[in-house]
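So the structure is just underneath, and the comments pick up after that.
Please treat every number below as a calculation from the coordinates, not as lab data. Please read all numbers here as calculations on a predicted model, not as lab measurements. Backbone-built Cβ (ideal geometry, glycine too); neighbour counts: all protein chains shown.
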Protein chains: 2
Amino acid sequence: MTAGPANAGEGPLAIICGGGALPFAVADAVMRRGRSVVLFPVRGWVDPKAVAGYPHHFIDIGRLGRFHRQATAAGCRELVMIGTVLRPALRDIHFDWGALRELPTVIRMFRGGDNHLLSILARLFEKRGFRFVGAHEVAPEILMPQGTLGRREPSVRDRADIARGAALLSALGPFDVGQAAVVADNYVLAIEAAEGTDRMLARIGELRSEGRVRSAVGTGVLVKTPKPAQDRRFDLPAIGPATVASAARAGLAGIAVTANAAIVAEPAEVGAAADRAGIFVTGIGPDEREP
Amino acid sequence: MTAGPANAGEGPLAIICGGGALPFAVADAVMRRGRSVVLFPVRGWVDPKAVAGYPHHFIDIGRLGRFHRQATAAGCRELVMIGTVLRPALRDIHFDWGALRELPTVIRMFRGGDNHLLSILARLFEKRGFRFVGAHEVAPEILMPQGTLGRREPSVRDRADIARGAALLSALGPFDVGQAAVVADNYVLAIEAAEGTDRMLARIGELRSEGRVRSAVGTGVLVKTPKPAQDRRFDLPAIGPATVASAARAGLAGIAVTANAAIVAEPAEVGAAADRAGIFVTGIGPDEREP
C-alpha cells in the first residue's frame with residue numbers, strides 16, 4: 001500500500017486524466033488524505049473547465065519528452081493514469097523526440113490488446129524514473145465494496161447468471177479482451193470487446209425490440225470483472241450511475257462487479273440510481289463463478 | 001456416413017427448413033444423389049413461393065404431434081434441420097398435445113444456449129423413432145473445403161489474427177456461445193453472442209467510423225469455427241455471399257472458417273464475391289490456432 005499521508009513525502013501525485021468523472025474523484029480523495037496532486041489531462045478528452053480548479057498541464061499522446069519535463073518540474077515521481085481514452089491510431093499521433101527515441105517500443109505497444117499497450121507504456125515511464133501506482137492504492141475509497149450498493153439483492157437465478165458470466169470472462173482472460181458480458185437465464189447474450197460496455201448494453205435493448213433476445217424484461221445480469229492478466233494499476237473496470245441507467249434500459253435484473261477490483265466513483269449515487277431503476281448492483285467475491 | 005443413393009431405401013428425407021438459401025441447397029444436393037425429400041418449412045421463416053416446387057408441409061414450432069403424423073405419413077424416418085430460426089420465447093409458442101406431453105423437457109430446452117436447446121429437441125424426435133442426420137452427411141458438397149475459395153490468400157499477419165481468433169473461440173466452447181469473432185492486428189475487436197454474425201460485422205464498421213476501431217481498412221479477419229461441444233448434425237456455422245459483403249463493408253482483410261465444419265451453400269458465388277470485394281475466404285485446419 002502506498003496510500004495515506006505517509007506518502008506525502010514522495011511529492012505531489014501526477015494524475016494522467018482521460019475522460020469522465022473518475023479522475024476528479026481520485027484527485028479529491030488523494031487531496032482529502034493530505035497529498036497534493038498535479039493533473040495531466042489528455043487534450044481532447046477532458047473539459048478545460050473541469051480541470052480549472054486543479055493544478056494542471058494539458059498533455060498530448062506521443063509527447064513523452066514534454067510530459068517528462070513538466071512532471072519533473074512539478075516534483076512528481078508517482079503517476080496514476082485514469083479515465084477513458086480511446087486507443088489512438090499510430091498514424092494520428094505526433095511524436096516528440098522523447099517518444100521518437102522509444103519508437104520501436106511504442107510501435108510494439110500498438111500490436112495487441114489494451115492491457116499489453118498499458119504495460120509497455122508503464123515500462124517506458126518507469127525507465128525514466130517515474131513509478132506507476134493504481135488509483136485504488138492512493139484512493140481505496142473508490143473501490144467497489146462486497147455486497148449490494150442499493151436495496152435490491154440478486155435472486156438465485158441471477159446468482160447463477162453471475163457465476164456463468166464470471167466463468168466466461170475468466171476464460172477470456174488470456175485474450176486481453178472484454179471485461180464484461182451479459183447473461184440472462186443461463187444464456188450468454190453479449191460479450192464486450194472494442195465496443196465498450198454502454199454500447200454492448202444498448203445492443204441488448206435493440207435485440208430485444210427486434211425479437212432476437214426473448215428473455216423477459218427484468219432477467220439478466222451485466223457481469224464485469226478485471227481481466228486475470230490485468231495490471232490493476234491502470235485498467236480496473238469502472239461503473240457509475242450511467243452504467244446503472246444503461247443496464248436498466250437493457251431490461252436487466254442487475255449488475256455484478258468484482259468487489260475490491262472495480263472502481264465506483266460515486267457509490268451513493270450508484271445505489272440511489274439502482275433503487276430508482278429497480279435493479280441490483282452487487283460486489284461479488286473472486287470465487288463466485290461456476291466450477 | 002449416411003449419404004448417397006444407398007440410403008434411398010430409408011425413404012424420403014424430411015428437411016425441417018428455417019430461412020435462407022441453405023435448405024434448398026441441401027434439398028437439391030440430396031435429390032441429385034437420387035433420394036427424394038419432403039420439406040417441412042417453419043411457418044413465418046420460409047417464403048411459400050420458394051418451397052412451392054418441392055413436396056412440403058408447413059409446420060409450427062410447438063406442434064410436435066402434427067409434425068409426427070405428417071412425417072410418418074410421408075414415409076420419412078430421417079430428419080435434417082437447417083436454416084435460420086430465431087429462438088422463440090416460450091410464451092409465444094402454441095403447443096399441441098404431442099408437445100404438451102413433453103412439456104417438462106420442452107421447458108428445460110429454453111434454459112441455456114442454443115446448442116443445449118437443439119440437443120434436447122433431437123432427443124425428443126428420437127424418442128418418437130426419427131433419426132437426426134447432419135446436412136453435411138447427406139450433402140457433403142455443401143461443406144467448406146480447405147484453402148481459399150477465391151484468388152486472395154491470407155498474409156502472415158492475417159494468419160496470426162486467424163490463430164488468435166480460433167484460440168479465443170475455442171476458449172468460449174464450454175459456454176455455448178459465439179461461433180465468430182473479429183481479430184485485427186492481434187487485437188480482438190468483436191465477439192459474437194446473441195446478435196449474430198452480420199450484426200457483429202456491422203458494428204465493426206460503425207466503431208470504425210466513430211474512431212473506436214483504429215486499425216487500417218483491409219486489416220482484420222472474421223473467424224468462424226464450430227463450437228467444440230457442438231452437435232454437428234444441426235448447428236454448423238454457415239457463410240454465403242452476404243457474409244462476404246458484410247466482411248468487406250466492415251473493412252476486413254478476409255474470412256476464415258473451419259474446413260469441413262462449416263457450410264457454404266454457394267462456394268462458386270462466395271469465391272466470386274470475395275474476388276470482387278478484394279478479400280480472402282479460406283478454410284482452415286482444426287489446428288490453425290495459437291498454442
When Lys and Arg each count +1 and Asp and Glu each count -1, what net charge do the other residues less than 14 Å away from A:A277, Cβ to Cβ, add up to? +2
Any idea what the B:R151 label distances to the other copies are, label 7 Å down the Cα→Cβ vector, nm, shortest first? 6.9
At a Cα cut-off below 17 Å, give the lysines reachable from A:K49, other chains included and same-chain residues fewer than 8 away excluded. none
Residue separation between B:D60 and B:Q146 times 0.36 nm, minus their alpha-carbon distance, gives in nm 27.2 nm
Round to a whole angstrom and tell me the spacing of the C-alpha centers of region A:159-183 and region B:237-288. 29
Distances in nm, one decimal, shortest first, from A:R249 to the same residue in every other copy, taking the label point 7 angstrom along Cα→Cβ. 2.3
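Rank the residues B:F58, A:F130, A:F40 as a footprinting-exposure proxy: fewest other Cβ atoms within 10 Å of their Cβ go first.
Fewest-to-most ranking of B:F58, A:F130, A:F40: B:F58, A:F130, A:F40.
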Could you pull the copy-to-copy label distances for A:P55, with points set 7 Å along Cα to Cβ, in nm to one decimal and sorted shortest first? 8.8
I'd like the antiparallel share, as a percent to the nearest 5, of DSSP beta bridges with both residues in region B:138-291. 50
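Could you line up A:V213, A:V133, B:V183 from fewest to most neighbouring Cβ atoms inside 10 Å? Display every interim value, and only then the final one.
Details: A:V213 28, A:V133 20, B:V183 31.
Listed from fewest to most nearby Cβ atoms, that is A:V133, A:V213, B:V183.
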Quick one: what are the phi-derived ³J(HN,Hα) couplings along region B:268-278, Karplus 6.51/-1.76/1.60 with θ = phi - 60°, whole Hz, x for glycine and proline? 5, 5, 5, x, 5, 5, 5, 5, 4, 7, x
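Once you order the gyration tensor axes a ≥ b ≥ c over the Cα atoms, which shape class does region A:152-291 get: rounded for a/c under 1.5, otherwise prolate or oblate by comparing a/b with b/c? Don't jump to the answer; show the numbers that get you there.
Numbers: a/c = 1.40, a/b = 1.18, b/c = 1.19.
Verdict is rounded for region A:152-291.
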For B:A262, what residues show an amide H to amide H distance below 5 Å, using hydrogens built from the backbone and excluding near sequence neighbours? B:M144
Mind checking the mean number of beta-carbon atoms from other chains within 10 Å of the Cβ atoms in A:211-218? 4
Residues B:D28, B:D161 arranged by fewest to most Cβ contacts within 10 Å: B:D28, B:D161
